[in-house]
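The values are calculated or read from the model by the stated rules, or taken from the named source; none is laboratory data. All values reported here derive from a predicted model rather than from experimental measurement. For neighbour counting, all protein chains shown are included, and Cβ atoms are generated from backbone atoms with ideal geometry for every residue, glycine included. Quick note on the areas: whole protein, heavy atoms, side chains included, nothing else; ligands and nucleic acids left out. Shrake-Rupley method; radii C 1.70, N 1.55, O 1.52, S 1.80 Å.
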Amino acid sequence: MANHPAVQQALALANQFAQRGGMVGAERALAPLSLMGLSGDPEVLNMLGAIRLAQGRLVEAEAFLTQGRA
């Protein structure tokens with residue numbers, strides 16, 4: 001799935017937001033992937049984990065990061 005163009009585009013946009021501290025924007029950039037059935041991609045899960053970690057939402061971060069490793 002990581003090779004899917006929509007995943008790559010969403011991850012690139014989310015990364016841009018995250019680098020500027022825009023965690024809400026980063027999360028929103030990934031949201032359409034859920035509707036497309038692509039939210040289970042390990043790179044997406046890891047990015048969501050990083051976003052939650054930056055937001056201080058540690059339990060959620062751990063869950064996403066654990067899923068991303070599986």
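Points worth noting:
- Net charge contributed by nearby residues that have their C-beta within less than 10 Å of G68 (K/R +1, D/E -1): -1
- Per-residue HN-Hα couplings for the range 34-50 [Karplus 6.51, -1.76, 1.60; θ = phi - 60°; Hz; x = Gly/Pro]: 4, 5, 8, x, 10, 6, x, 5, x, 5, 5, 4, 5, 5, 4, x, 5
- Per residue accessible area of the chain, 1.4 Å probe, in Å²: 61 Å²
- At 1.306 mPa s and 10 °C, Stokes D of the chain from Kirkwood alpha-carbon radius, µm² per second: 136 µm²/s
- Using θ = phi - 60° in the Karplus curve 6.51 cos²θ - 1.76 cosθ + 1.60, the 3J(HN,Hα) couplings for the range 53-62 round to 4, 5, 7, x, 9, 5, 5, 5, 4, 4 Hz; x is entered for Gly and Pro.
- Farthest toward the positive end of the dipole of the chain, out of A61, P42, G21, is the Cα of G21, where the dipole comes from beta carbon charges about the Cα centre.
- Residue by residue, the range 16-26 carries 3J(HN,Hα) couplings of 4, 4, 4, 5, 9, x, x, 5, 5, x, 4 Hz when phi is fed to the Karplus relation 6.51 cos²θ - 1.76 cosθ + 1.60 (θ = phi - 60°); x denotes Gly or Pro.
- Where a label projected 7 Å from the Cα of V24 along Cα→Cβ would reach, residues of the range 37-70 with amide N under 14 Å: 55
- Surface composition of the chain: carbon and sulfur atoms hold 58% of the protein heavy-atom accessible area at a 1.4 Å probe.
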